[in-house]
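Have a look at the structure below before the remarks.
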Number of protein chains: 2
Amino acid sequence: MSDVARAAGVSPALVSLAFRDAYGVSKSSRDHILATAAKMGYQPNRVASRLASKTDDTLGVFLLDLHNEVFADMFDGMREAAQLTGRELVLAVGSVSGGLDRPALDSLVRARVDVTIAAGLLLSDSELAAYSGRLPLVSVARIVPGFDAVASDNVLGASLAVEHLLSLGHRHIVHLASPPTDGYLGRREGYARAMKNAGLTPHVITCGYSRSAAFELVGPLLDSADRPTAIFTHNDQTALGVLDSVHSRGLRVPKDITVVGYDNTSATNLPGIDLTTIDLHPVDLGRRAAEIAVLRSKDPASEPMVEVFTPSLVVRASSAPPQL
Amino acid sequence: MSDVARAAGVSPALVSLAFRDAYGVSKSSRDHILATAAKMGYQPNRVASRLASKTDDTLGVFLLDLHNEVFADMFDGMREAAQLTGRELVLAVGSVSGGLDRPALDSLVRARVDVTIAAGLLLSDSELAAYSGRLPLVSVARIVPGFDAVASDNVLGASLAVEHLLSLGHRHIVHLASPPTDGYLGRREGYARAMKNAGLTPHVITCGYSRSAAFELVGPLLDSADRPTAIFTHNDQTALGVLDSVHSRGLRVPKDITVVGYDNTSATNLPGIDLTTIDLHPVDLGRRAAEIAVLRSKDPASEPMVEVFTPSLVVRASSAPPQL
DNA sequence: ATGAAAGCGCTAACAT
DNA sequence: ATGTTAGCGCTTTCAT
């Protein structure tokens with residue numbers, strides 16, 4: 001920066017001001033400074049600038065899993081909103097196998113982002129509480145006590161799915177639920193509630209997040225004497241794993257069994273897949289989370305904001321009345 | 001840090017040394033320092049540490065597109081290698097619509113990463129040359145003159161695909177090629193070469209990177225009188241778009257037309273999709289790129305290293321002999 | 001509108 | 001093995 005200042009014949013401080021087009025720099029000198037800087041190929045050192053300035057324009061982002069497109073959708077929304085307010089995004093990536101939340105979050109703490117938007121946190125509420133104060137969090141698609149959140153009504157989403165199946169005439173509906181992590185119990189609960197309302201007994205099987213986990217887990221269920229007529233899974237990945245398992249047995253969807261997923265990722269509308277699923281509007285969630293993150297960075301002390309979005313049912317060919 | 005030093009009754013410098021477990025800190029005092037730091041919930045400020053230290057342990061990563069799983073695979077490899085050497089990764093994400101390469105790369109320059117691993121760069125060779133000196137680059141899946149690269153033999157990969165189709169008896173094979181960007185001409189060339197070797201006339205159509213782009217573009221081709229018997233696309237996304245288009249016309253794969261993709265992303269082995277494709281071993285590419293990035297950071301001046309991996313053909317049900 | 005000087009929280013010699 | 005002292009490249013009062 002001082003090189004630029006020297007070349008432009010001004011003080012370093014003025015170069016700094018010019019680059020942030022702060023109030024109080026004459027247009028002529030600003031143009032001159034920017035021109036010489038461009039000529040020299042100068043890019044300001046963000047590391048130094050972030051150290052020197054109290055106010056920080058960097059938002060942290062945690063994404064659980066790059067292999068699940070729903071996180072890419074959320075990221076698109078975050079980026080859109082961040083761009084509008086000129087914020088930079090610093091990314092940290094976790095893993096569905098777990099164990100990476102803490103390292104990822106810690107790396108964001110060390111990077112001194114002033115607030116981070118987290119999608120797909122796997123830590124428990126109490127483990128997360130330890131970050132309170134040190135790392136303002138805006139949780140996406142999960143409510144975490146004490147933090148901001150932009151969530152989706154999972155109880156409703158699951159009810160939508162189950163009611164769709166009931167209306168089709170299904171009675172024996174199994175739910176492949178996510179691991180019972182804090183904040184991810186809504187789909188499980190919505191399923192159970194809708195089943196009970198219909199006078200049916202819930203049948204929940206806990207399953208990991210990956211396609212392969214569902215593939216293996218669901219095999220015995222498909223081979224059993226009283227195979228369910230429908231399976232409702234906690235995400236699309238596991239629904240695809242169910243499809244794998246169904247087809248590997250020579251069975252067909254929806255003729256032999258109905259499958260319903262959750263997330264409306266792009267693989268669900270592939271020809272021949274046509275998976276009925278729930279759309280939680282991930283781009284909107286991400287966008288709103290970034291907006292809230294910006295508000296939070298300006299006002300660290302106010303009460304946590306929690307917004308809940310309404311998911312929608314997307315009916316496709318993978319769901320049909322049970323064969324009698 | 002000085003708070004921790006005071007609490008532990010030592011100097012700030014010793015705390016610094018303890019945290020980097022540098023040579024020359026007694027075990028007892030290091031344990032004591034780490035313990036008090038943990039008690040206080042202290043995380044070192046990476047921003048300050050990176051400013052103060054000349055040597056940098058941060059690697060930049062550019063990924064073109066979070067919606068294409070091949071980049072997630074590459075990232076897995078990078079992370080694995082980075083972890084082994086204790087490097088932190090700073091991510092910047094581009095977009096298949098283009099125009100985001102430069103902002104993303106510039107953000108990495110401002111973040112002062114000492115070398116960045118870039119997968120899916122869309123800028124031209126000459127535009128990239130402008131970063132020479134300012135941003136050491138390790139290009140993944142593309143060779144960029146003057147920079148390190150871990151590439152895949154695209155000419156071979158495309159030849160593999162075409163020869164597979166020829167051996168099946170196809171003569172009328174259309175190639176949906178990527179935009180003719182520097183560094184991404186290999187698949188196009190491998191296709192053309194294999195066709196000419198077989199005495200056939202290449203038929204190349206340039207197509208964007210997305211599924212929807214292929215869906216729209218390929219419609220007229222499918223409706224035309226001399227519909228090809230096989231379509232070979234430059235990536236899986238566009239192959240899926242072709243499937244969309246084929247099915248929307250009531251045609252079937254491979255009965256009415258054979259489709260072959262490129263990348264072996266996970267959607268290709270979905271039941272009913274079963275796309276024949278080329279695997280470029282993205283995890284290995286990413287891992288090796290990160291290893292080279294580490295070498296480069298230790299030795300900025302040596303000649304660029306270029307390594308080329310060999311792709312493999314994955315045959316599935318989407319390719320079959322043409323119906324006569 | 002512009003410049004001078006102090007300092008952000010660390011690391012890196014150099015002492016001891 | 002541990003402490004002292006300068007910076008790293010910016011931003012930010014405070015002057016002018």
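If you take the residues of segment B:205-231 that are more than 25 Å from B:HIS67 (Cβ to Cβ) and not charged (D, E, K, R), which of them is modelled with the lowest pLDDT?
B:ALA225
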Exercise for the section: Being within 13 Å of DNA strand C (Cβ to nearest atom) and either over 39 Å from the mean Cα position of the chain (by Cα) or modelled with pLDDT of 90 or more (or both) is the filter here, so list the residues in segment B:19-33 that pass it. Expected result: B:GLY24, B:VAL25, B:ILE33
Completion exercise
Within segment A:125-135, of all residues that are crowded, with 16+ Cβ neighbours inside 10 Å and at pLDDT 95 or above, the one nearest to the other protein chains (Cβ to nearest Cβ) is A:LEU128
Practice task
Assess whether A:GLY99 counts as being within 16 Å of DNA strand C (Cβ to nearest atom), modelled with pLDDT under 95 and either surrounded by fewer than 22 Cβ atoms within 10 Å (Cβ to Cβ) or under 15 Å from the mean Cα position of the chain (by Cα) (or both).
Solution key: no
Handout entry: Scope segment B:74-89; condition at the interface with chain A (Cβ under 9 Å from one of its Cβ atoms) and buried (at least 20 other Cβ atoms within 10 Å of the Cβ); matching residues
Key = B:PHE75, B:ARG79, B:LEU89
Exercise for the section: Just one of (1) over 15 Å from the mean Cα position of the chain (by Cα); (2) not in a strand (DSSP E or B) trips up A:THR277, so point out which. Expected result: (2)
Fill in the blank from the handout: Considering residues that are away from DNA strand D (no atom under 13 Å from the Cβ) and either within 14 Å of chain B (Cβ to nearest Cβ) or among the polar types (S, T, N, Q) (or both), the number found within segment A:1-45 is 6
Completion exercise
Pairs returned, first residue in segment B:204-229 that is within 12 Å of B:ALA177 (Cα to Cα), second residue that is aromatic (Phe, Trp, Tyr) and crowded, with 18+ Cβ neighbours inside 10 Å, beta-carbon separation under 9 angstrom, 6 or more apart or interchain, are B:VAL204/B:TYR191
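Name the residues in segment B:209-234 that are more than 14 Å from chain A (Cβ to nearest Cβ) and not hydrophobic (A, V, I, L, M, F, W, C), would you?
Across segment B:209-234, the qualifying residues are B:GLU216, B:GLY219, B:PRO220, B:ASP223, B:SER224, B:ASP226, B:ARG227, B:PRO228, B:THR229, B:THR233, B:HIS234.
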Practice task
Inspect all residues belonging to segment A:55-73 and state whether any of them is surrounded by fewer than 19 Cβ atoms within 10 Å (Cβ to Cβ), aliphatic (A, V, I, L, M) and more than 14 Å from B:LEU91 (Cβ to Cβ).
Solution key: no
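Among the residues in segment A:143-159, are any within 14 Å of another protein chain (Cβ to nearest Cβ), in a loop (DSSP other than H, G, I, E, B) and among the β-branched types (Val, Ile, Thr)? Before the answer, list the steps.
Step one: of segment A:143-159, the residues within 14 Å of another protein chain (Cβ to nearest Cβ) are none.
The answer is no, given that none of the residues of segment A:143-159 is within 14 Å of another protein chain (Cβ to nearest Cβ), in a loop (DSSP other than H, G, I, E, B) and among the β-branched types (Val, Ile, Thr).
Looking at segment B:46-60 only, could you name the residues that are more than 11 Å from DNA strand D (Cβ to nearest atom) and not hydrophobic (A, V, I, L, M, F, W, C)?
Once the filter is applied, which keeps residues that are more than 11 Å from DNA strand D (Cβ to nearest atom) and not hydrophobic (A, V, I, L, M, F, W, C), segment B:46-60 yields B:ARG46, B:THR55, B:ASP56, B:ASP57, B:THR58, B:GLY60.
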Fill in the blank from the handout: Counted residues in segment B:47-73 being facing chain A (nearest Cβ under 10 Å), in contact (Cβ under 8 Å) with a residue 24 or more places away in the chain and more than 16 Å from DNA strand C (Cβ to nearest atom) come to 9
Handout entry: Pairs with Cβ under 6 Å, 6+ apart, first in segment B:6-22 and of a type in the set (A, V, I, L, M), second near DNA strand D (Cβ under 8 Å from one of its atoms)
Key = B:VAL15/B:ALA5; B:LEU17/B:VAL25; B:ALA18/B:VAL25; B:ALA18/B:ARG30
Exercise for the section: Return a yes/no flag: does segment B:117-124 have any residue that is surrounded by fewer than 18 Cβ atoms within 10 Å (Cβ to Cβ) and either closer than 28 Å to B:ASN264 by Cβ or modelled with pLDDT of 95 or more (or both). Expected result: yes
Problem - Residue pairs meeting the criteria (Cβ under 6 Å; at least 6 apart or on separate chains; first on the phi < 0 side of the Ramachandran plot, in segment B:98-113; second part of a helix (DSSP H, G or I) and buried (at least 16 other Cβ atoms within 10 Å of the Cβ)) - result: B:ARG110/A:ARG46; B:ALA111/A:ARG46
Practice task
State the number of residues belonging to segment A:308-323 that are out of contact with any Ser or Thr (no Cβ under 7 Å at 6 or more places or on another chain) and farther than 30 Å from A:ARG288 by Cα.
Solution key: 3
Practice task
Determine if segment A:102-117 includes at least one residue that is closer than 22 Å to B:LEU135 by Cβ, within 11 Å of chain B (Cβ to nearest Cβ) and either of a type outside the set (A, V, I, L, M, F, W, C) or more than 15 Å from DNA strand C (Cβ to nearest atom) (or both).
Solution key: yes
Practice task
Please give the number of the condition B:ALA8 fails out of (1) within 12 Å of DNA strand C (Cβ to nearest atom); (2) of a type outside the set (Val, Ile, Thr); (3) crowded, with 16+ Cβ neighbours inside 10 Å.
Solution key: (1)
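The values are calculated or read from the model by the stated rules, or taken from the named source; none is laboratory data. Source: prediction; values computed, not measured. Don't worry about glycine lacking a Cβ; one is built from the backbone with ideal geometry, like all the others, and counts go over all protein chains shown.
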